[in-house]
Amino acid sequence: LVFALLAAVGAAALYLWAAVSFTYSSGERAGYVQKLSRKGWICKTWEGELALVNLPGAMPEIFHFSVRDDAVAKRIQQSVGKRVALSYEQHIGIPTTCFGDTQYFVVNIQLVE
């Protein structure tokens, strides 16, 4: 019984490690950061919204993202309201929101001129 319990915990830990470590997809999205906040009761995560605007006057599409790195979050906070390009990685299958509320984790930001 103890061996089966340890095997189940080990399998769950291996799955969690694989879901967080391996990237399903990556890319960039450009737009205006309209929100970035640190939220959560126990697991504090940075969550944000990027407004993707194609044409002036058109309704923006909202891209929801998470940030794990505090340094990247600080750079995003400094660029709120400016046009930026966010580089992200998508991680599918993360079983808990302790790592972020979304599948999209921003890893870098660049100002767009």
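The values are calculated or read from the model by the stated rules, or taken from the named source; none is laboratory data. Note that this is a predicted model, so its numbers are computed, not measured. Positions of Cβ are backbone-derived with ideal geometry, glycine not excepted, and every protein chain shown enters the neighbour counts. Protein only, heavy atoms only, side chains kept; ligands, DNA and RNA dropped before computing areas. Shrake-Rupley method; radii C 1.70, N 1.55, O 1.52, S 1.80 Å.
Annotations
- Sorted largest first, extent of the chain alpha carbons per principal axis (Å): 63, 26, 23
- Heavy atoms of the protein chains alone define the surface here; on that basis the chain has 66 Å² accessible area per residue at 1.4 Å probe size.
- Within the accessible surface of the chain, defined with a 1.4 Å probe on protein heavy atoms only, the carbon and sulfur portion equals 60 percent.
- Extension reserve of the Arg68-Ala18 stretch, reckoned as 0.36 nm per residue once the Cα distance is removed: 16.4 nm
- Förster-model FRET efficiency, 25 Å R0, Glu28 and Cys98, C-beta, rounded to 0.05: 0.45
- Each label was represented as a point 7 Å from its Cα along the Cα-to-Cβ direction; for Asn54 and Lys82 these points are 2.7 nm apart.
- Relative contact order [Cα under 8 Å, 6+ residues apart], the chain, whole percent: 30
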